[in-house]
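**Student:** Provided herewith is a single structure, encoded as structure tokens, for subsequent inquiry.
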Amino acid sequence: MWAYWQSVPAHWREIPARYRLEGGRCMDCGYIMLPKEDICPVCGSKNIETVILPRKGKVLNYTVVWNALRGYEYYTPYVLAIIELEDGSRIMAQLTDISPSEAKKGMEVEMVLRKTKVSGESGIIAYSYKFRPVIR
Amino acid sequence: MVYIVGVGLTNVGNHWNKSLRHLAVEASLKALESCNKNIDYIVVANALSGVVNGQENLGSYVATHLGKIGLPAVKIEAAGASGGAAVLLASSLVSSKMADRVLVVGVEKVTDYTALEDSNSALSTSIDSEYEAFHGGTLDAMHALVMRAYMWKYNVSKEEFSYLPLLMHENAVDTPHAQLRFKLKPESYSSSPVIAEPLTMLDLAPLGDGAAAVVLSKDAEGSNGNAEIVSSGQATDSISLYRRRDLTEMPSIRTAFKRAMENTNFKPDFYIIHDYSSIMGYIAVEELGLAERGKASRLFSSGEANRDGPVPINPEGGLKARGNPVGATGVYQVAEAYLQVTGRADGWQVKGAMSGLTLGIGGIGSNSVVHLVRGV
């Protein structure tokens, strides 16, 4: 079941976004997106340049997931957040290195690379961005 | 003109002894017997058969098991809006004269896996798989984020979300095909377990198996009552929740509604909406213009949304209590509207109802379909 989770190329081709926040910026309307699209979802322009998104941002909204997907049981409960990065772009990611009760709106966070999903005994171990509170 | 000339429903629930094919055939036969007509096209509505049952190609699958090998048939998928989308496209087959009579059968078989992780994974195919579900996003977690945004923006307490589930359970007691036919106590809502904060179990519709079928025709030729599909509308929104500017709005709902209402002065006597969660139900009634932003709870707490109130909402019990056989739900909604406007909703009838609106929603508001149904 969930064969699409086991795929190596399905994860591999997303690595630029998942490992180093490689996204796109619309050169017509300025919208910044992750992942990079061929067509701007806001204005429809095809004039998109590759940009690396900033690794810091703040939590706009979050939920603590107690009832998880297959493959995420190990992390449950985990905090899933919508984060606004310093350039105004938005991203969905897990918060890490905190207990769920510490999550709050407006919290300043920074990107780290973490193990995100283990797909069974024979599947791949996928890493990607998660966000932790900024260490001062 | 496109008419609904017959419908058939199975109960929504755990059908351990029935497969996808048994459910589809049972509802289809009931619909065909209720109008006693032949069909020349089959449209199947379903959302999850590929990932849950390992069966796709449902057009051929249903035609085979229904003894209709040879007929043109196809599956339509739009997550929770599959049923509404299937009725919309089937109705275009009739109005474009591609077909004279179309059987639309919505079917979902989701209880073969009892672990919540598996049903969550199946439902997460309706959100952004690579940039939301990959990070542990469930469909329920998306509803939780929307609920949190709504609570912050309008300063709404968690308890205010209880009014929708309470009314839905009350309505479903009278609906023969409903899944949860019992009343809910307010204290049960308060002590309901957390699914994804702040969303709790009683905010959510249960998952259930079920099938619903409607027969569409160019003529009002049904022997047990006829209803006209006056108009329909559909619209999409971003598949990814994190890219939306304001989580408390679902523009696909109001756009689908606006498109359906173009060129008609239709006035619904009741509304059948897609309350996958209490928060989605609240946003839906706001997008349909039935309540001010942030104030939907009053519609449900004041009695206005009751079956005998001025704005009946989900007289059958909604997804919350009639149940949510995902891809079939939209066909249930249209079949229920037909039973209402032909005066055959025994026990759950909105008195004197002649016109109704159905709203099906896919994903987290990323695909909406509205139908306007009138008795003739």
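**Student:** For the stretch A:59-77, what are the residues that are within 7 Å of chain B (Cβ to nearest Cβ) and either small (Gly, Ala, Ser) or closer than 21 Å to B:Leu247 by Cα (or both)?
**Tutor:** If the condition is that a residue be within 7 Å of chain B (Cβ to nearest Cβ) and either small (Gly, Ala, Ser) or closer than 21 Å to B:Leu247 by Cα (or both), then A:Asn61, A:Thr63, A:Val64, A:Val65, A:Ala68 are the ones that fit.
**Student:** How do the helices (runs of 4 or more DSSP H) wholly within the stretch B:95-188 filter down when requiring 1 or more residues that are farther than 22 Å from B:Ser278 by Cα, open to solvent by 10 Å² or more (accessible area, probe 1.4 Å) and touching a helix residue (DSSP H, G or I) at 6+ places or on another chain (Cβ under 9 Å): which remain?
**Tutor:** By residue number, B:116-123.
**Student:** Among the residues of the stretch B:208-216, is there at least one that is crowded, with 16+ Cβ neighbours inside 10 Å, at pLDDT 95 or above and either in a helix (DSSP H, G or I) or within 14 Å of chain A (Cβ to nearest Cβ) (or both)?
**Tutor:** no
**Student:** How many residues are away from chain A (no Cβ under 14 Å) and either within 15 Å of the chain's Cα centre (by Cα) or open to solvent by 20 Å² or more (accessible area, probe 1.4 Å) (or both) if we restrict to the stretch B:234-248?
**Tutor:** Adding up the residues that qualify gives 1.
**Student:** Which of (1) in a helix (DSSP H, G or I); (2) hydrophobic (A, V, I, L, M, F, W, C); (3) out of contact with any Pro (no Cβ under 9 Å at 6 or more places or on another chain) is the odd one out, the single condition B:Ile4 does not satisfy?
**Tutor:** (1)
**Student:** Let me confirm something: among B:Val326, B:Val331, B:Val341, B:Val350, which residue is buried (at least 24 other Cβ atoms within 10 Å of the Cβ), in contact (Cβ under 8 Å) with a residue 12 or more places away in the chain and farther than 28 Å from B:Met142 by Cα?
**Tutor:** Of the residues listed, the single one that is buried (at least 24 other Cβ atoms within 10 Å of the Cβ), in contact (Cβ under 8 Å) with a residue 12 or more places away in the chain and farther than 28 Å from B:Met142 by Cα is B:Val341.
**Student:** Considering A:Gly57, A:Gly88, which residue is farther than 30 Å from B:Asp118 by Cβ, in contact (Cβ under 8 Å) with a residue 40 or more places away in the chain and out of contact with any Leu (no Cβ under 7 Å at 6 or more places or on another chain)?
**Tutor:** So the residue among A:Gly57, A:Gly88 that is farther than 30 Å from B:Asp118 by Cβ, in contact (Cβ under 8 Å) with a residue 40 or more places away in the chain and out of contact with any Leu (no Cβ under 7 Å at 6 or more places or on another chain) is A:Gly88.
Condition check ((1) among the β-branched types (Val, Ile, Thr); (2) closer than 21 Å to B:Glu117 by Cβ; (3) open to solvent by 30 Å² or more (accessible area, probe 1.4 Å); (4) free of Cβ contacts under 8 Å to residues at least 60 places away in the same chain) across all residues:
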{"residue": "A:Val65", "(1), (2), (3), (4)": "yes, yes, no, yes"}
{"residue": "A:Ala68", "(1), (2), (3), (4)": "no, yes, no, yes"}
{"residue": "A:Tyr74", "(1), (2), (3), (4)": "no, yes, yes, yes"}
{"residue": "A:Val79", "(1), (2), (3), (4)": "yes, yes, no, yes"}
{"residue": "A:Glu84", "(1), (2), (3), (4)": "no, no, yes, yes"}
{"residue": "A:Ala93", "(1), (2), (3), (4)": "no, yes, no, yes"}
{"residue": "A:Thr96", "(1), (2), (3), (4)": "yes, yes, no, yes"}
{"residue": "A:Ser101", "(1), (2), (3), (4)": "no, no, yes, yes"}
{"residue": "A:Lys105", "(1), (2), (3), (4)": "no, no, yes, yes"}
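**Student:** Let me ask something additional. If B:Asn36 meets every condition in (1) open to solvent by 20 Å² or more (accessible area, probe 1.4 Å); (2) touching an Asp or Glu at 6+ places or on another chain (Cβ under 9 Å); (3) polar (S, T, N, Q); (4) within 22 Å of B:Val5 (Cα to Cα) apart from one, which number is that one?
**Tutor:** Failed condition: (2).
**Student:** If B:Phe270 satisfies every condition in (1) in contact (Cβ under 8 Å) with a residue 12 or more places away in the chain; (2) surrounded by fewer than 24 Cβ atoms within 10 Å (Cβ to Cβ) but one, which is the exception?
**Tutor:** (2)
**Student:** Sticking with this structure for a sec: Please identify the pairs in which a residue from the stretch B:130-152 that is facing another protein chain (nearest Cβ under 7 Å) has its Cβ atom under 7 Å from the Cβ atom of a residue that is of a type in the set (Gly, Ala, Ser) and assigned to a loop (DSSP other than H, G, I, E, B), counting only partners at least 6 apart or on another chain.
**Tutor:** Close Cβ pairs satisfying both conditions: B:Tyr131/B:Ser240; B:Glu132/B:Ser240; B:Gly136/A:Ala68; B:Thr138/A:Ala68.
**Student:** Return the residues of the stretch B:261-277 that are closer than 12 Å to B:Gly356 by Cβ and hydrophobic (A, V, I, L, M, F, W, C); say none if nothing qualifies.
**Tutor:** Hits for the stretch B:261-277 are B:Phe266, B:Phe270, B:Ile272, B:Ile273.
**Student:** Report every pair of residues separated by at least 6 positions or lying on different chains whose Cβ atoms are under 8 Å apart, first residue within the stretch B:174-197 and within 24 Å of B:Asn11 (Cα to Cα) and among the small types (Gly, Ala, Ser), second open to solvent by 70 Å² or more (accessible area, probe 1.4 Å) and at pLDDT 95 or above.
**Tutor:** From the stretch B:174-197, the pairs are B:Ala178/B:Asn11.
**Student:** Which members of the stretch A:116-136 meet the condition of being of a type outside the set (A, V, I, L, M, F, W, C) and within 12 Å of chain B (Cβ to nearest Cβ)?
**Tutor:** Selection gives A:Thr116, A:Lys117, A:Ser119, A:Tyr127, A:Ser128, A:Tyr129, A:Lys130.
**Student:** Kindly indicate whether B:Asn314 is closer than 25 Å to B:Ala122 by Cβ and open to solvent by 10 Å² or more (accessible area, probe 1.4 Å).
**Tutor:** When the stated conditions are applied, B:Asn314 does not pass them.
**Student:** What is the residue count in the stretch A:33-52 for residues that are within 13 Å of another protein chain (Cβ to nearest Cβ) and either farther than 30 Å from B:Ser121 by Cβ or open to solvent by less than 10 Å² (accessible area, probe 1.4 Å) (or both)?
**Tutor:** Summing the residues that are within 13 Å of another protein chain (Cβ to nearest Cβ) and either farther than 30 Å from B:Ser121 by Cβ or open to solvent by less than 10 Å² (accessible area, probe 1.4 Å) (or both) in the stretch A:33-52 gives 4.
The values are calculated or read from the model by the stated rules, or taken from the named source; none is laboratory data. All values reported here derive from a predicted model rather than from experimental measurement. Reconstructed Cβ throughout: ideal geometry from the backbone, glycine too, with neighbour counts over all protein chains shown. When the accessible area is computed, the model is the full protein with side chains, heavy atoms only, and any ligands, DNA or RNA have been set aside. Shrake-Rupley method; radii C 1.70, N 1.55, O 1.52, S 1.80 Å.
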